């Protein structure tokens, strides 16, 4: 894998994460493609745009407050240029509806 000079997917991933933080489903829907594949520690989501946005909204609605503090990111492409990957490292802090604070 090597660094990806095309930053479009990176900008899409960062924008979608920001839309999640702000609970802006309209922006998220406009940013992601027809189908979304998101892999994260402990799981994976592959869904059509509308299903992905609905799932993200359900997740986001569990939090009264949510902030994301970006650490770093990287966009890479494999050697035969058939796959592009964006990795994001960040801290997510939230307060749930019961007032309990936590982070990930």
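In segment 8-15 there is at least one residue matching the filter, namely being surrounded by fewer than 13 Cβ atoms within 10 Å (Cβ to Cβ) and either under 18 Å from residue 77 (Cα atoms) or in contact with a helix residue (DSSP H, G or I) (Cβ under 8 Å, 6 or more places away or on another chain) (or both). Among the residues of segment 1-55, those that are closer than 24 Å to residue 104 by Cα and assigned to a loop (DSSP other than H, G, I, E, B) comprise 23, 24, 32, 41, 42.
On the stretch given as segment 85-102, residues that are loosely packed, with under 12 Cβ neighbours inside 10 Å and within 22 Å of residue 44 (Cβ to Cβ) total 2.
Do we have residue 72 as touching a strand residue (DSSP E or B) at 6+ places or on another chain (Cβ under 7 Å) and surrounded by 10 or more Cβ atoms within 10 Å (Cβ to Cβ) here? So residue 72 fails the test. With respect to being within 19 Å of residue 33 (Cβ to Cβ), touching a helix residue (DSSP H, G or I) at 6+ places or on another chain (Cβ under 9 Å) and surrounded by fewer than 12 Cβ atoms within 10 Å (Cβ to Cβ), residue 81 falls outside the description. For segment 22-62, the tally of residues that are crowded, with 17+ Cβ neighbours inside 10 Å and under 23 Å from residue 99 (Cα atoms) stands at 3.
Each value in this text was obtained by applying a stated rule to the coordinates, not by laboratory testing. These numbers were taken from a predicted model, which means no experiment stands behind them. Neighbour counts are summed over all protein chains in view; Cβ atoms, including those assigned to glycine, are modelled from backbone coordinates with ideal geometry.
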